[in-house]
Amino acid sequence: MTMKHALCAILIGVAFGGCATSDVNYADRNNVDTVRARCIQLARDSGYQDISTESINRDGQTEWKVGLLVRRDEKDQKEKCEYDARTERVHLG
């Protein structure tokens, strides 16, 4: 019986250890400053000017939604940006 308990304890430890390791891999990019910078850079690369953030909201563990106020062709408009810290995927839409 103790061999089964030891084996279960090892398996549980390995499983939780894997979860902690994956969190550490993207923890440095799962914060407000990184999210803001990535969305602003994407907006600049897309041709927008005078970019400011109106809102930044977390939408899950690693997903973020950012409201941007941007200017293009002398017109102000609102744009939405989504960022996933786990995959580093960022897109406007």
For this session: Consider residue 36 carefully, then state whether it is surrounded by 11 or more Cβ atoms within 10 Å (Cβ to Cβ) and modelled with pLDDT under 95.
Result: no
Problem set entry | Residues satisfying the stated conditions in the range 25-66, i.e. over 12 Å from residue 88 (Cα atoms), within 9 Å of the chain's Cα centre (by Cα), assigned to a strand (DSSP E or B) and touching a residue at least 12 places away in the same chain (Cβ under 8 Å) | 65
Exercise. Take the residues of the range 66-93 that are out of contact with any Ser or Thr (no Cβ under 8 Å at 6 or more places or on another chain) and among the basic types (Lys, Arg): which is farthest from residue 37 (Cα to Cα)?
Worked result: 75
For this session: With respect to residue 59, determine if the residue is over 15 Å from residue 26 (Cα atoms) and surrounded by fewer than 11 Cβ atoms within 10 Å (Cβ to Cβ).
Result: no
Exercise. Is it the case that some residue within the range 68-84 is of a type in the set (Ser, Thr, Tyr) and modelled with pLDDT of 90 or more?
Worked result: yes
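The values are calculated or read from the model by the stated rules, or taken from the named source; none is laboratory data. Since the structure is predicted, the reported quantities are computational estimates derived from the model, not experimental observations. Don't worry about glycine lacking a Cβ; one is built from the backbone with ideal geometry, like all the others, and counts go over all protein chains shown.
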